[in-house]
Structures are given as structure tokens and as C-alpha cells.
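Worksheet for the structure shown next.
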């Protein structure tokens, strides 16, 4: 696909192959609401390499979904203001004209949503939902597009794809529908796949199947994936790097192994400790995080997590901590004045969270 | 848990079927279990396995087709309308969707007081005192929360209000149907801890229905695994997770994702999805997806039998402990 | 322990000036219609034959009609007919259709199938033709018109209220109430009614506007309240022949009807939106 470039984008493409696939710089996304301006994404910067998998983890309201939609350029223009920059293969996404975005959507960046029932059109056969973007972005004719659609359904593990391609979404189970949305997303061999809670609401067995499928397709196609989720379990074994978001900020980012081995941010630790584990004996007391995320219309001064943090000091409440690098590992970033001791991250506990 | 000989809640050969067009779907196809006083029984399985229907049939929101449900030896099935209404105060239910569980147009204090108003058990100052006590018990400030409407609360707080309402009549049994699956992990932990505390404080007996195996293990004393309307395996939770005997339980456990990169990514042996309950497989219902299935599984329904103390399994070829 | 409910109480969005002006206008029309007999208006039914088809003047601010009757007085007395027919018929329609709609949506099953089928049969019948036929046959006193139009509106109201109830009847809070031992009556009145009420109110006002137009249509066919009683519909109908001689005769009752209908629709619509917004905040 990189060989058949048209004259107009030949130059940026040639230049880009070396650099990162996606560069987000100081992105700020603000919605105007009746109560005031809500900054959902507040100064986020990140880079994503080709073929890399990045997990974005956070609770609802942390800005993880808004961030992924901003990258896609999918947010409504009215009532949304954006600053900063999102460069995808050299193309600026922030405030890009619709024509530019249309060339990118589906063809270069594709998205898998949480709810396959609402992201699929209920009255259109699966065949047309897949071939639509093929016909739009490639020169395939009808027959070729249909053949590709059937082959895609086969690749995402749908049995008897030649028959299923004529089905409507309601004739499939939830897991099958999510496979179809993945097939649609993959139709034009995108460079980047954004998966926003792709397995939330699915059964554990189906969840594992879908995650396996995403990993194998990604390896085959050398595609970058951003996996957005609230579940640390989902990202633990399936990502190269993880970014933890809280109140619109990235509060910690590191390679997956590094993050779990020596997390620096008390919030990351709290999130991990509140997740029940199958390997713990039953009735293991969970460490719940006190309170709730801050109101993003009137965010607190200082560190946004300070009111719920066991380690917060006076400094945390006054001054917002900048994102800085860990001394031992320059790729490990965190925003905390009192980071957890490296190597002890998994063992430091307090009982404040108990009821 | 107390090891009393008479169970508090008994479910005996419960069957619930629905009509779907001309066909009859058996959502629950004859299941039996006991729950002892002060115990938490977890009920897990994939969606469509009948676990929620079982919970709803126990409180008779769903009418059982046949079988018996008894609380403290008293039959719930077969009760007339007004007797059933009375019996319902001893067995309460909490639902999955925290927002839809609360009437959006009523104040929190009236929502919590609803059972008291229905039964005229308490009026005036006494009623207010009980409501305050319950709201405090679930971790909400009665002065702030009481006058507000459900829309002003987050999902976790709405679930707390639901719990307060369910406990206001001091029930014996609480059925929790996916009560934390719509919540964020941090809030989920708060609610799970709260449930454990309230269980101890009010001496509750719980049936905890969920699809998340880690959550179920955390709160349950015993766990029952359901597949396509039948029970596969019932065992004390630590036993079940350490030594699963049924191939389906093993498959479910292998699919669990753990927040630990050092553990290999889970790969399910299980392919496909459960067959339709309209036309379930003969014999063992799991045989179509079972790696161990043999001819016998197609002809003979495996009965739930004890393979170790308090560990029951319905499989012809269970994995027995060494 | 979770800090006590910290969510700021969300304030209602103000309903706006236009809303309150509309409410004021509806209130004024009501007030005038009620006190019409005591504010020294000219006799609406006996005119001054010396002053026929006169334009507005100090004595007759809206002018007089072809029989010398005061148009202002007739417009105000005419409001009585429009209000009685409009609000009366909708009250009948809401009571019948609303009750049936709520019960059908809550109980489902055979009750729902039966009543819904009946509503479809009635809806399949051209309502206006049916109303005209029955009024022509039975007579056109004001109370008869009110009852007939009220019953004719029942199936439509039934469908709207049934749909509104249905979206709540399937929610868990209804199940929860049942599980606590609440009776059906209690669930209908305490759990469902408060939720359906916004739809009832906004649909009621828009329904009233529709019925007032229907009264006008009946008047055009000479089937509204019998002469000489004034109604907005009757007045517009009578003005047809004198349109070139006396445009005031058509203008004032039309204006009264137009402004009143706009006000009703605005209030109904604003209320509906305001309820919708609150709902979407959930």
C-alpha cells in the first residue's frame, strides 16, 4: 500500500517512514457546557511508533475517550475547541478540513467502538458496511470488494463468511458483531487502529477471543493499535506501552513491563489495587480509592489526584506536578511530587482507603 | 460462614421457560442449590446462560415454570398474590443498571423509604430515622443526599442508594444481579467492600450473580458455574478456582485477564459461542464446545455429583484432584 | 469511605422570556373568558343596527360586525367556547386515553393487544368525517361537541401515553418496586405517573391547540355551537361574506386564535424540551 502513492502525498510519505506514526503535542480539548468550559484533555503529548500498541487506561471521565476521538478528528466542531497538534504521518489533524479527514478516516486510521450494536447500521447488510469504505478509498469494483469483504470476515474468525456477508447485524451475536466491526475497520488496511473499550460488555471468553484476534491481526499487518480501556487486565499482556490518564492529563506513561514492575504514580497503584484478582483468595479486602475524580469544569489547583491520594503533601495541593522522567529509565514518565519508591511500588500499602 | 444443617434459601429443580414465537426457550433448565445462612453464593456464566433469570425467578419477578424456591423452609413458589407481596420483604434484589433502578422523579429519601411506605411499617419521625440510618450505612450523607434526585448522583452512588432501599426492610436474602458490572474499577472496589461490610453488619445471605470471575471470587464463599440453563460445577470459591473440575470452568478461568504482564496472555481453548437455548444439544449441553466430549456425553445428561467434600460437578469426565 | 454526595446541584435552565409571555397570554385569555360577564362588555349577541360593519373606534375598539355587534365582546365571549371545547375535550381524551395507555403499557399481554387493536381501528377511521357525521346527527350543543371531540382524540392520546409509559415500564425501578411488594395501583400512580406527567402536560397543550382548530373547521361547516353564540370559529366563518367590506370582522378572531395557538404550542414545546434536558442529564 505504501508503493501506490499518488503524486500529492508521495513526499510526506517518503519522509515519514522513519519518524513516529503519530505525534500528539500539548493537545487540549475543551467543551463548552451550560455550566462552563470543561477541559476533557488537558495538555497531552505522546508519540506512537509504527506497529506499536499503546494502552490508554483511565476511569470514566478521565479523558481517554475524548483523546482517542480527538486523534481520529471525530469530535463535533461546534462547542469544541482544540489547541495543540496531532500529526499523523505528517498530516495535521487538529482543525483539518473535512476533505483531509475523509481521506484519513477508514483508510489510514480506523476505529472500533465499544458497542457494536450501535456502531453498526442495523438496516444495512454486513457486506455493504464493509465494502462501503473499500469502494470509497480504493479502485476495487463491486465483485472485488465483495471478495475482499468475505476474506476479511474469514480473517476475523467468522464461520462461513460467504453466507454471513449477507446477514444483518441483528442476526449475529455480540461477539460476532464486534468481529464484524473489526473487519470493517481493517478493510482498507489502516496504519492505526483505535479500539475504544472493544471488549467491555462482552463475556470473558469472547473478550479473550477478540483480544487474541486483535493481537494476531496487528502482528500480521504491522499496524499500530491504541487500546483504550478502564481495565488494567486488558492492557497488561497485550500492549507495548501504557499511558495512564486522570482528569484529562497523562499522569504516567511507561513500557508495560516497567509500569507494572515499578509504577511511580500513586494513582496507577491505587487503580491496580482496586482491581480484584483471580489469583487472590476470596474475601481479599480491596483497596478502594477514596472519593471521586475532580469536577473538570472547576479543576482543583495542584495535582488533580491530591484529594484522593494517600501520599499527598502541602506541595501537591498547591502546585501541579509536571510530567518528568524517571532517573533510571528515560522512557518512563510520571507526574508526581512524591513518587512511589522504585521496586517497592507493588508493596507500599496504606489502609486509608478502607471503609 | 456457619455450617448449619438447614439452608436458608433452597432452590429445587427450578425451570423457567419463555415463549419465543412458537418455540419454547428453557432459560433455566432444572437447577437445584442451597444457600446457607450468612453465606455468599456466587453465580457465574456467560451471557444467556440463565444466571440472571435464576435470580429473578427466585424473587418471582420472573414466574418459574416449575420447581421450588423456599426461604427458611417457607415456599415462595405457589404463593398467592398478596402472600407473595408479603414474602418479598424477606428477599430483596439489586440490579445491574444503577440509573434505571431508581425512579428519576422521586427524591432519594422517598426512594429509600418506599418499602416502609408500602408496608406502613414506620411513619413520621421513625420513618425518617430509618432512612437516615440506611443512607449512613451505605456511606451517603443523609442531610445532603436525602433531598436530591437520582440524576445528581454518580453510578456508584446510585448503586449505594439501591442498596439502602433493598436493606430498609431488613431482608434475610439479597440477590445481587451484576450489581458492579456497570461501574469503574475504583468504584467497583468501593461497592464490593461495602457489600462485605453490610453483609457482616446485617447478617445477610447473598446470591451474587456476575460474569466477572475475579469479582465473584472476591465476594463469594461458594461459586456455582452455569452453562446454558444448567449448573456445571458448585464448589467453595478457593477450591473452584484452584482445582476446577469441569472443562467449562477451566475454559472460563483460562480466559480471565489478569493485571500482570508477567503472566502469559490468556488464550481460551474455547472456540465459538454457546449454542442457542431454543435447541440445546442433547446430553451434556457443553459437549459441542468441550475438548473432552465423547459419545456418552451426547446421550446421557451428566448429573451434579459430589467429587470432593462440598465440591459438585456435572460432567462424565471431570478433572479429579491428584 | 466515599465523601458525601459532592455533585453540585444542577440548576434548571431558565425557561425564557418567550415562555413566560406565552403563559401570561394564556392566563389573560382565561381570565377574560371567565370574567366576561362582569367587565361591562357590550352584549355579544344583540347588536346596534345603526352601526353595522364599523371600523375600530373608542366605543367599539375592534369595530362591529354585520349585525352591529361589538367584535371585542364577541371575541372575548367566543374564547369561552374555544377554551371549553379545547380543554374539555382534551381532558376527556387524556383521562380515557392516558389511563388506558398507562395500563396497557404496564400490563402488556392481552390487555395491551386488545386496547391497541381498538385504537388502530379508531385511528383508521377518518376522525374529522366521523366527528362531522356525529355532530350533524346528534346536535351541536357545546357539551356534545366537547364529548365527541374528546372521544375522537382518545386513540391518539392512547398511543402517545402508551409509548411514553413503555419506556419507563421496562426500567428496573419498576421491577424493584414490584420486588418490594408494591401493588399495581401504587406502581402506576407513584412510580410511572410522575415520569409520564411531562409528556401528558406538553401533549395536552398541543392537543388543546389542535382541538381549537377542529372547532374552527366545524364552524366553517356550520356545525359549531349554534348561532347567535359567538365562537372564534363561528366569527371567522361569518366574516367570509364581508371580507372586502369589513376586514376587521375576520382579523380579530383570527388574530385571537392565532396568538392563542402559538402560545399553547410554545409553552408545550418549551416544557417538553425542559423535561428532555433534565432526562438527558441522567
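Rule-based calculations on the coordinates, nothing more; no lab input. Bear in mind that the values here come from a model prediction, so they are computed numbers and not experimental data. Glycine also receives a Cβ, built like all others from the backbone with ideal geometry; neighbour counts cover every protein chain displayed.
What is the distance, in nm, between label points placed 7 Å from the Cα along the Cα-to-Cβ direction at residue C:37 and at residue C:262?
My value for the distance between the label points is 3.3 nm.
Do you know the relative contact order of segment C:112-244, to the nearest whole percent, from alpha carbon pairs under 8 angstrom that are 6+ apart?
Values: 74 pairs, mean separation 33.0, N = 133.
Here the relative contact order equals 25 percent.
Report, in deg cm²/dmol and to the nearest 500, the calculated mean residue ellipticity at 222 nm for chain A, where each DSSP H run with n ≥ 4 adds -39500 (n - 2.57) and the sum is divided by the residue count.
Numbers: 13 runs with 115 residues, N = 355.
Result for chain A, helices only: -9000 deg cm²/dmol.
If you consider only alpha-carbon coordinates, what radius of gyration and Dmax does segment A:21-243 have, in Å?
Answer for segment A:21-243, Rg first and Dmax second: 17.3, 53 Å.
For peptide B:153-162, compute the average count of partner chain beta-carbon atoms within 10 Å of each residue's beta-carbon. Mind showing how you got there, number by number?
On the way: counts 3, 8, 1, 3, 6, 1, 0, 2, 1, 3.
Mean number of neighbouring Cβ atoms from other chains: 3.
Considering every residue in C:167-173, what mean count of other chain Cβ atoms within 10 Å of its Cβ is obtained? Please list the in-between numbers first.
Numbers: counts 0, 4, 0, 1, 8, 13, 14.
Across C:167-173, the average partner-chain Cβ count within 10 Å equals 6.
Once the cut-off is 37 Å, how many percent of the Cα-Cα pairs in chain C end up in the long-distance tail? Please list the in-between numbers first.
Numbers: 10836 of 39621 pairs.
That fraction is 27 percent.
May I ask you to sort B:246, B:316, A:332 by Cβ crowding, counting other Cβ atoms within 10 Å and putting the fewest first? All intermediate terms of the calculation are to be shown ahead of the outcome.
Numbers: B:246 29, B:316 18, A:332 21.
Least to most surrounded, the residues fall as B:316, A:332, B:246.
Which order do the peptides C:87-94, C:134-141, A:308-315 take when ranked by the mean count of other beta-carbon atoms within 10 Å per residue, highest first? Numbers along the way, then the final one.
Working: C:87-94: 21.6, C:134-141: 14.1, A:308-315: 16.4.
Taking the mean over residues of other Cβ atoms within 10 Å, the ranking is C:87-94, A:308-315, C:134-141.
For segment C:129-173, go through all pairs of different Cα atoms, get the mean of 1/r, take its inverse, and jot down that Kirkwood value in Å. Walk me through the intermediate numbers first.
Working: mean 1/r = 0.0806 Å⁻¹.
Its Kirkwood hydrodynamic radius stands at 12.4 Å.
For chain A, find the longest principal axis of its Cα atoms and tell me its angle to the long axis of helix A:174-186, 0 to 90°, nearest 10.
Once rounded, the angle reads 70 degrees.
Suppose the Debye formula is applied to equal point scatterers at every Cα of segment C:206-282; what is log10 I(q)/I(0) at q = 0.24 Å⁻¹?
-1.06
Take every Cα pair under 8 Å in chain B that's 6+ residues apart, average their separations, divide by the length, and report that relative contact order as a whole percent. Provide the component values of the computation, followed by the final result.
On the way: 600 pairs, mean separation 63.5, N = 322.
Normalised by residue count, the contact order of chain B is 20 percent.
Run the helix sum for chain C: -39,500 (n - 2.57) per DSSP H stretch of 4+ residues, divided by residue count, reported at 222 nm to the nearest 500 deg cm²/dmol. The partial results should precede the final answer.
Working: 10 runs with 185 residues, N = 282.
Only helices count here, giving -22500 deg cm²/dmol.
Note the angle between two axes, namely the Cα long axis of helix C:71-93 and the longest principal axis of the Cα atoms of chain C, as a number of degrees from 0 to 90, rounded to the nearest 10.
Compared with the principal axis, the helix lies near 30 degrees.
Sticking with the crude label model, points 7 Å out along Cα→Cβ, report the distance from residue B:317 to residue C:132 in nm, one decimal please.
For residue B:317 paired with residue C:132, the spin-label model returns 8.0 nm.
I need two numbers for the protein assembly as shown: Rg to one decimal and Dmax as a whole number, Cα atoms only, in Å.
33.6, 118
Once every DSSP H run of n ≥ 4 in chain B is given -39500 (n - 2.57) and the sum is divided by its residues, what mean residue ellipticity at 222 nm do you get, rounded to the nearest 500 deg cm²/dmol? Write down the numbers at each step before the final one.
On the way: 11 runs with 102 residues, N = 322.
Calculated at 222 nm, the ellipticity per residue is -9000 deg cm²/dmol.
Let me have the relative contact order for segment A:21-243, percent, based on Cα pairs under 8 Å that are six or more residues apart. It would help to have the intermediate numbers written out before the result.
Details: 385 pairs, mean separation 61.9, N = 223.
For segment A:21-243, the relative contact order is 28 percent.
When the gyration tensor of chain B is built from Cα positions, what are the square roots of 5 times its three eigenvalues, in whole Å, from largest to smallest?
Details: eigenvalues 253, 101, 66 Å².
Gyration-tensor ellipsoid for chain B: 36, 22, 18 Å.
If we count other beta carbons within 10 Å of each Cβ, what is the order of B:72, B:262, A:59, fewest first? Working shown, then result.
Values: B:72 14, B:262 10, A:59 21.
Least crowded to most crowded, the residues run B:262, B:72, A:59.
Suppose each label sits 7 Å from its Cα in the direction of the beta carbon; what would the residue C:254-residue B:107 distance come out to in nanometres?
In this crude spin-label approximation the distance works out to 5.2 nm.
Run through all the Cα pairs of segment A:51-179 and give the fraction in each 5 Å bin from 0, expressed as whole percent.
P(r) for segment A:51-179, in whole percents per bin: 2, 9, 16, 18, 18, 16, 13, 7, 2, 0.
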